[in-house]
Amino acid sequence: MGFLNKKLRIIFVGIPDMATVCLSNLLIKKFNIVGVVPPRKTHDTYNYFKSFVLNKGLNLIEFNESANDVECVNKIKALNADIGVVCSYNDKLSKEFLATTKMGYINSHPSKLPQYRGAMPYFHIVNNGEKKSGITLHFMDETFDTGDIVYQNEFDIMPCETMGTLFNRTTYMISDALIEILTKLENGEKLNVIPQKKQENLIKAPYVAGNFRINWKYDDIFKIERLVRATNPFFQAYSLFRGATFQIIKCRIEKAEHNFEVGKFIKATKNELVVAAKDGFVYLDIFQVGSWGIFNTSEFYQIFSPREDEFLI
């Protein structure tokens, strides 16, 4: 499977931000992108991505309802592409779509498959307290994230890892991995293609939406701290303070036995804001209160004058 010094004709499919990072890198490395398939017109990134693609002078392949539409499929077939690359896409691509290039499509997935198949690995990996994760490039088939693997890399999850840092790390790793794999193909090298093994106890990564309210009565300090990192910066881990949302953006924890009511401020000074949890204490470092803004402890104390008899609920 190789093209021996031939410039591959590549179809690119994606949704920002992974798509813009990876597409930019492919263009910097002078890969031949013959067509770009955007998200649906109803997607909130559509207009931005369309402008990005057109500003790069690339061929935007638009469609009415779905990339699987016959008209869209025929447009791609007419480009006589060698291979397709997918960098984040939230629609299932049909068998007919995947057959529009000679070699099929390589998908970019931000976990070490087969673990964490699904739309939101970043959140679940951090929220589950994983110590390691990875990235995977694989040929696509008719089901999500199950095709033969052509590239994998594993790395350690940092103790301070957030959903955002994991998103950024994996996106740039995937960008470099695509360059490596596509360069091999252009140089006529054979890819090491490995079918995904069937495993029991697979952890899935379904899409999550919305925000997550902290349950001070039942959530332990470790779960709270992981949830804060897993939602930062795309979602919220929040409580209520004086009737307003209180989103925790950064916190530290201390395991300890105590007799305080959970959710209560046990220390509320300009230097420390500490909340009692069922098995310890949560030190609040950065947080957002309603629509007033984002604060550190000193700023919050100056504006709100919190009392040590108040609660997050």
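Each residue of segment 89-102 is assigned a 3J(HN,Hα), and the resulting list reads 7, 9, 10, 6, 8, 6, 4, 5, 5, 5, 8, 7, 10, 5 Hz, derived from the Karplus form 6.51 cos²θ - 1.76 cosθ + 1.60 (θ = phi - 60°), x at Gly and Pro. Counting only cysteine Cβ atoms and a cutoff under 4.7 Å, the chain contains unmatched residues 72, 160, 251.
I'd like the carbon and sulfur percentage of the solvent accessible area for segment 51-196, probe radius 1.4 Å, heavy atoms only, ligands and nucleic acids excluded.
It is 49 percent, rounded to a whole number.
Rolling a 1.4 Å probe over the heavy atoms of the protein chains gives the chain an accessible area of 49 Å² per residue.
Using only Cα atoms, find the angle between the long axis of helix 46-55 and the longest principal axis of the chain, and express it within 0 to 90 degrees, rounded to the nearest 10. Result, in degrees: 50.
Under the rule a/c < 1.5 gives rounded, and otherwise a/b versus b/c splits prolate from oblate, where does segment 47-156 land using the Cα gyration tensor? Cα axes put segment 47-156 in the prolate bin. Report the residue, chosen from 188, 104, 14, that carries the largest GNM mean-square fluctuation when the chain is represented by alpha-carbon nodes joined by springs under 10 Å. It is 188. Just the protein heavy atoms count here, and of the accessible area of segment 218-313 at 1.4 Å, carbon and sulfur take up 49 percent. Taking the DSSP bridge list for segment 9-161 and keeping only pairs wholly inside it, about 45 percent are antiparallel. Per-residue extension of 0.36 nm, minus the Cα-Cα distance of residue 222 and residue 258, leaves a gain of 11.3 nm for this segment.
The orientation-averaged shadow of the Cα convex hull for the chain, equal to a quarter of the hull surface, comes to 18.2 nm². Between 194, 214, 61, the residue with the greatest mean-square fluctuation in the GNM of the chain (Cα pairs under 10 Å linked by springs) is 194. Highest mobility in the GNM of the chain, judged by mean-square fluctuation with C-alpha springs under 10 Å and restricted to 209, 244, 268, is found for 209.
The distance separating the Cα centre of segment 272-301 from that of segment 1-60 comes to 42 Å.
The angle between the Cα long axis of helix 163-186 and the longest principal axis of the Cα atoms of the chain comes to about 20 degrees, rounded to the nearest 10.
The values are calculated or read from the model by the stated rules, or taken from the named source; none is laboratory data. Quantities reported herein were computed from a predicted structural model and do not represent experimental measurements. Every residue, glycine as well, gets a Cβ built from its backbone with ideal geometry; the counts of neighbours run over all protein chains shown. Ligands, DNA and RNA are excluded from the accessible area calculation, which covers all protein heavy atoms including side chains. Shrake-Rupley method; radii C 1.70, N 1.55, O 1.52, S 1.80 Å.
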